[in-house]
1. Asn149: net charge of surrounding residues, Cβ under 12 Å, Lys/Arg +1, Asp/Glu -1, itself excluded?
2. My understanding is that a pair violates if its Cα-Cα distance is over 27 Å; which of Lys36/Lys118; Lys36/Lys69; Lys90/Lys131 do that in this structure?
3. For the chain, which DSSP H helices look membrane-span-like by this rule: Cα extent along the axis of 20 Å or more and mean Kyte-Doolittle of at least 0.0?
4. About the Cα centre of the chain, what is the dipole size in debye to 20, counting +1 per Lys and Arg Cβ and -1 per Asp and Glu Cβ, all else neutral?
5. Dipole of the range 53-157, Cα-centred, from +1 at each Lys and Arg C-beta and -1 at each Asp and Glu C-beta, to the nearest 20 debye?
6. Within the chain, what percent of beta bridges assigned by DSSP are antiparallel, to the nearest 5?
7. What is the sum of charges, Lys and Arg at +1 and Asp and Glu at -1, for the other residues whose Cβ falls under 14 Å from the Cβ of Ala220?
8. Over the chain, with the other protein chains present, what is the accessible area per residue in square angstrom, probe 1.4 angstrom?
Amino acid sequence: MTSRWQRLYLLGDSLTQQSFSVGGWGACLADKYQRKFDVINRGFSGYTSTYVSMIIARLLEEDQVAERKDVAACVILLGSNDAVLKEADKRHVPVDTYITNMRAISAALSKAGVGVDKQVFIGPPPVAEEKWRAHLEADPAPRPMNLSNEQTQQYSQAASVLAEELGVGGFVELHAFIQQQENWPELLNDGLHFSPSGNAVVAERVGAALDNVLPSVERAYPLWDSVDPENPSVLRT
């Protein structure tokens, strides 16, 4: 039996994994599209585009994406971990490799039936360097500063260029947009990950992009006040 519930797929790193926390941008999308789309969180904390490119085929197979043909859109947010400083973090992925990986991830989705017109890329957000440095130093096992806002910008620009080249359904720019907001570091709770107010900003921008990608569907099943309590058999149809 084919499910009437289409899926909205979120793919990324900790910025996506944490998006189902209270007030997270993914949770906001699940609320926005309730009774219309099931929102699936496939965020992997600490992962780079290289790591995701290694698991994407298996992930899509495990989620039966090609078989079910019910993913209405996929949101992809990667790049922050790729952009770590090479001398401080071995996960560093050069920009050219990041582009290659993102292209491969997009192709894998297309092969599974989630074409570029159903894909929305999000560029990595800025880094509030002083907050992130303080966060790393406060760790029980202090770590060296491993991110640069200037370097992260390169990955945001690369994602934008690739999105245009591939013709994806939408691109959400965060790096410059967030920095244009008043007291913008407050949108990042530790200098990298979104605060409650930051999640609200991201949810609004991603939701606007998805509205141009997702099909128009009615809420599943009749509203309660349209059902005759004395004759609820309409719910069987």
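1. On the way: positive: Lys131, Arg133; negative: Glu129, Glu130, Glu150.
Result for the local shell: -1.
2. Working: Lys36/Lys118 16 Å; Lys36/Lys69 16 Å; Lys90/Lys131 22 Å.
Flagged as over cut-off: nothing, all pairs pass.
3. Working: long enough: 95-111 (24 Å, 0.27); 149-166 (26 Å, -0.80); 196-211 (22 Å, 0.34).
Those that pass (Cα extent of 20 Å or more, hydropathy at least 0.0) are 95-111, 196-211.
4. Details: 21 positive and 30 negative charges, 136 e Å.
Here the chain has a charge dipole of around 660 debye.
5. Once rounded to the nearest 20, the dipole reads 200 debye.
6. Working: 1 of 21 bridges.
So the antiparallel bridges in the chain amount to around 5 percent.
7. Working: positive: Arg4, Arg7, Arg35, Lys36, Arg219; negative: Asp38, Asp70, Glu218.
Net charge around Ala220: +2.
8. On the way: 12180 Å² over 237 residues.
Accessible area per residue, the chain: 51 Å².
The values are calculated or read from the model by the stated rules, or taken from the named source; none is laboratory data. Predicted model only: the values in this text are computed from it and were never measured. Positions of Cβ are backbone-derived with ideal geometry, glycine not excepted, and every protein chain shown enters the neighbour counts. Areas reflect the complete protein model, heavy atoms only, side chains present, ligands, DNA and RNA absent. Shrake-Rupley method; radii C 1.70, N 1.55, O 1.52, S 1.80 Å.
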